[in-house]
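The values are calculated or read from the model by the stated rules, or taken from the named source; none is laboratory data. These numbers come from a predicted model, not from an experiment. Here the Cβ is made from the backbone with ideal geometry for all residues, glycine too, and neighbour counts use every protein chain on show. What goes into the accessible areas is simple: the full protein's heavy atoms, side chains included, and nothing from ligands, DNA or RNA. Shrake-Rupley method; radii C 1.70, N 1.55, O 1.52, S 1.80 Å.
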Amino acid sequence: MIAAMAAERVIGTGDGIPWHLPRDQEHFRAYAAGKAMLLGRRTYEEMIGWFTTQTPIVLTRDSEQTLEGTPCLVTSVEAAIEAAQDLGVNELVVSGGAQVYAAALASADSLVLTIVDAEVEGAARFPEFRDSGDWHCRESERHAADAENVYAMEFQWWKREAPWNAR
Ligand SMILES: NC(=O)c1ccc[n+]([C@@H]2O[C@H](COP(=O)([O-])OP(=O)(O)OC[C@H]3O[C@@H](n4cnc5c(N)ncnc54)[C@H](OP(=O)(O)O)[C@@H]3O)[C@@H](O)[C@H]2O)c1
């Protein structure tokens, strides 16, 4: 899973991300390049026009709906994993929003997190992942604020000790 969060694990307002951080956008784009991405229907609709080499898979309860760009629609995380396997990719990047992170956390084996040094209002939050398994931060990289990026941020790479597919 990949996510950017501020204090209190805030990831968004519900219809957007309350910061503009080009460094994090670049990091996200580079990580997702060429991969299958799992997105909630709401986040997918926010991101229409963003996709280039990525293949979006959209989680929804209404698989009959028609979305712009006609992405692959799935109604469960398990079906998303199967869809990614059918595409022949070896990584499905869970890319939010809050409902999808919560639904997919139990199946995740790694987290790529950006911790944004900011306190912002927002109803959408990343789940408290430390309660969900034996997670360890393996690497981190800190970046100070600068003219383009108004908040400092830290990129973190987390792994879960027990492989998700062993459960
Ligand atoms: N900071 C970050 O890294 C980051 C990343 C991504 C998004 N965000 C932010 O997160 C917010 C959106 O998050 P959100 O939680 O409101 O929406 P979301 O997770 O993007 O999408 C919610 C939708 O996904 C579908 N869904 C959710 N759980 C499901 C399940 N268990 N089974 C089947 N379908 C399911 C439903 O679609 P239907 O209604 O079609 O049934 C639901 O309405 C925005 O503010 C966005 O900007 C932040």
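A Cβ distance below 7 Å, combined with a sequence gap of six or more or placement on separate chains, defines the contacts here; from the range 131-152, residues that are more than 15 Å from ALA4 (Cα to Cα) and open to solvent by less than 60 Å² (accessible area, probe 1.4 Å) reach residues that are among the hydroxyl-bearing types (Ser, Thr, Tyr) and assigned to a loop (DSSP other than H, G, I, E, B) in the pairs ALA145/TYR151. If you check GLY133, GLY96 for being more than 15 Å from the ligand (Cβ to nearest atom), on the phi > 0 side of the Ramachandran plot and not acidic (Asp, Glu), only one passes: GLY133.
Sort out which residues of the range 104-133 are in a loop (DSSP other than H, G, I, E, B) and closer than 10 Å to TRP158 by Cα, and write them in order of number. Scanning the range 104-133 gives a single hit, ASP109. The lone criterion from (1) more than 12 Å from the ligand (Cβ to nearest atom); (2) within 14 Å of the chain's Cα centre (by Cα); (3) closer than 27 Å to GLU148 by Cβ; (4) open to solvent by less than 40 Å² (accessible area, probe 1.4 Å) left unmet by ALA7 is number (2). Note on the range 28-42: residues that are under 12 Å from the mean Cα position of the chain (by Cα) and in contact (Cβ under 8 Å) with a residue 24 or more places away in the chain total 8.
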